[in-house]
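Here the structure comes first, spelled out in structure tokens, and everything after it is commentary.
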Amino acid sequence: MNTVTLNNGVKMPILGFGVYQIPEDETQAAVEAALAAGYRHLDTAAAYGNETAVGAAIKASGIEREELFITTKLWVQHAPSGSVQDDTKVAFDKSLQRLGLDYLDLYLIHQPLGDYYSEWRAMQELHQEGLIRAIGVSNFHPDRLVDLINHNQIVPAVNQVETHPFHQRAEDQKLMQEHGVQIESWGPFAEGRNDLFSNSLLSGIAEAHGKSVAQIVLRWLIQREVVAIPKSVRADRMAENFDIFDFALTEEQMSQVTTLDTEASLFFDHRDPAMVSRLGGHRID
Ligand SMILES: NC(=O)c1ccc[n+]([C@@H]2O[C@H](COP(=O)([O-])OP(=O)(O)OC[C@H]3O[C@@H](n4cnc5c(N)ncnc54)[C@H](OP(=O)(O)O)[C@@H]3O)[C@@H](O)[C@H]2O)c1
């Protein structure tokens, strides 16, 4: 298994399987198929509403727990108990129960919204208690990431951010590397936006290698040492997306892909006040 080593020594498979937008009643079958295809790294979130189904697939697979790398994410806490720190621990327990696990490999703050400093302090304690092997964040812009690092004990192991050929985040990755934070891509295919799968430059590179555009994109990410977690509900595509370890892009092809960068999100801006209110106000449970 090809892995990256996180800032606390934990090894994380560089390629995983994401389950965002897979309906709960289809998730168990999809995750079982992904595990059968060879994936050992799964990415879910409390907000996806499918942790229970992910847990059922893990159980049904019979795969040893130590062979798996399981990530889930904490949704924005609204402190019904009056303490975000306490509620974070309750939310963590619920995720663990839904997944049917007794520890997590990686727990991420899903959004840089609300009182995420209290969330982080609770997560530091859960990590110190041995319940989470690594803790990290998601959707953190560089300024938020650096501020969190400067005011806490533990440096996030991972920052999971939108990263694909149209939003490459080379500068953000450099800053993360300087602080020992591993970049992880969400939306490696930009969910197909901008006609990614028929992009002429990517199709040309794919043809040269006898591979698909999806494989070129994933290979380009992992050659940049970006962890990737593509999603598919189709077993043929799961296998295709996993089959990227027998070829390499040349330096020239790597730099050709950089020309596709628009340096902007294709989804949403975490600094847009309307989006901050909409996401921050969303409640789960
Ligand atoms: N932290 C966050 O805020 C955040 C946000 C978004 C996503 N994520 C994580 O990142 C994961 C991946 O991102 P994503 O699900 O948004 O999008 P994605 O992986 O970029 O794209 C998924 C789309 O690509 C299609 N696809 C997959 N493999 C393909 C292939 N080989 N050829 C052609 N089409 C293919 C899928 O269709 P089919 O399913 O029909 O094959 C689906 O429509 C998520 O599942 C989630 O775990 C995190």
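In this structure, the amide hydrogen of Ile14, modeled 1.01 Å from its nitrogen in the peptide plane, lies closer than 5 angstrom to those of Asn2, Thr3, Val4, counting only residues at least 5 positions away or on a different chain. Computed across the chain, the Kirkwood hydrodynamic radius from all distinct Cα-Cα pairs reaches 19.2 Å.
Give me Met123, Met275, Met238 sorted ascending by neighbouring Cβ count inside 10 Å, so fewest comes first.
Ordered by Cβ neighbours within 10 Å, fewest first: Met275, Met238, Met123.
Take every Cα pair under 8 Å whose residues are at least 6 apart in sequence, average their separation, divide by the length of region 3-281, and the relative contact order is 19 percent. The stretch between Ala79 and Met275, if pulled fully straight at 0.36 nm per residue, gains 68.5 nm over its current Cα-Cα span. For Lys94, a cut-off of 21 angstrom between C-alpha atoms picks up these lysines, skipping any fewer than 8 places away in its own chain: Lys59, Lys73. When the inverse distances between all different Cα atoms of region 91-243 are averaged and flipped, the Kirkwood radius reads 17.0 angstrom. Loop-located GluC sites (Glu not before Pro) in region 173-281 (DSSP state other than H, G, I, E, B) with a sparse environment of at most 14 neighbouring Cβ atoms within 10 Å: Glu225, Glu263. The ranking of Val233, Val257 from fewest to most other beta carbons within 10 Å of each one's beta carbon is Val233, Val257.
Here the extension length gained between Glu24 and Ser200 equals 59.8 nm, from 0.36 nm per residue of separation less the Cα-Cα distance. Once the Cβ-Cβ distance of Thr250 and Glu178 is raised to the sixth power relative to R0 = 35 Å, the FRET efficiency obtained is 0.80. For the chain, the membrane-span-like helix rule (DSSP H, alpha carbon extent of at least 24 Å along the helix axis, mean Kyte-Doolittle at least 0.0) picks out no helix; this says nothing about an actual membrane. Exposed loop sites here mean trypsin sites (Lys or Arg not before Pro) with a DSSP loop assignment and at most 14 other beta-carbon atoms within 10 Å; the chain contains its longest site-free run at 1-233.
Under the Kirkwood approximation for Rh and a Cα-based Rg, what ratio Rg/Rh is obtained for region 33-146?
With Rg and the Kirkwood Rh in hand, the quotient comes to 0.98.
Every number here is computed from the coordinates shown, using simple stated rules; none is lab data. Please read these numbers as outputs of a predicted model, since none were measured by experiment. Reconstructed Cβ throughout: ideal geometry from the backbone, glycine too, with neighbour counts over all protein chains shown.
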